[in-house]
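Before any comments, here is the structure.
The numbers here are math on the coordinates, done by the rules we state, and not lab data. Remember, it's a predicted structure, so these values are computed and weren't measured experimentally. Cβ placement follows ideal geometry from the backbone for every residue including glycine, while neighbour counts extend to all protein chains displayed.
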Amino acid sequence: MKLLSNQRGMISSGTFLILCVAGFFLFLFFRLGPSYLDDWYVKHALVGLAKSGEDVNKMEKSEIRTSLSNFMSVNNVRNVKVKEFEIVRKKDRTLVSLVYQNQIPIFGNAVVVLTFKHQLDSTAPEECCEFLVED
């Protein structure tokens, strides 16, 4: 059996290192979290558009943009503008696409670039919001 005088805990520099690493990840969480939250709301705006009672093929482009704008203003989405949504009409379907990037400064000139891609295909609303078709 070891004596209590031989048993030691973590040294203060080890504790400091663990606190620094934990603090760094907490810092990243608070810097990157709002962008991921905005993206979550963008995805749910497209899901809500797909599940609304109206057929997306029959909606005017302005109606689609108004619906998205209302959802995003209610949910305080700031990093994405409604004009960034691309609405493409095909013969048998409507594609509502969004590709955007957020650049988040971390330290000095170090920047994290987050890229998000979402697409709503009116012929396959259950597959919202995977990016399926390039055009």
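Residues checked against (1) in a helix (DSSP H, G or I); (2) among the aromatic types (Phe, Trp, Tyr); (3) surrounded by 11 or more Cβ atoms within 10 Å (Cβ to Cβ); (4) in contact with a Ser or Thr (Cβ under 8 Å, 6 or more places away or on another chain):
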| position | (1), (2), (3), (4) |
| --- | --- |
| SER13 | yes, no, no, no |
| CYS20 | yes, no, no, no |
| ARG31 | yes, no, yes, no |
| TYR36 | yes, yes, yes, no |
| TRP40 | yes, yes, yes, no |
| LEU46 | yes, no, yes, no |
| GLU54 | no, no, yes, no |
| ASN57 | yes, no, yes, yes |
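For ASN79, are the conditions met, namely being in contact (Cβ under 8 Å) with a residue 24 or more places away in the chain and either of a type in the set (Lys, Arg) or farther than 29 Å from PHE27 by Cα (or both)? Give the derivation first.
Values: in contact (Cβ under 8 Å) with a residue 24 or more places away in the chain: yes; either of a type in the set (Lys, Arg) or farther than 29 Å from PHE27 by Cα (or both): no.
So ASN79 fails the test.
Considering only residues that are in contact with a Leu (Cβ under 8 Å, 6 or more places away or on another chain) and of a type in the set (Lys, Arg), which ones fall in the range 90-130?
LYS117
Anything in the range 72-87 that is hydrophobic (A, V, I, L, M, F, W, C) and touching an Asp or Glu at 6+ places or on another chain (Cβ under 7 Å)? List them, or say none. Explain how you work it out, then say what you get.
If we filter the range 72-87 for residues that are hydrophobic (A, V, I, L, M, F, W, C), which is where we start, we get 72, 74, 77, 80, 82, 85, 87.
Once the filter is applied, which keeps residues that are hydrophobic (A, V, I, L, M, F, W, C) and touching an Asp or Glu at 6+ places or on another chain (Cβ under 7 Å), the range 72-87 yields VAL77, VAL80.
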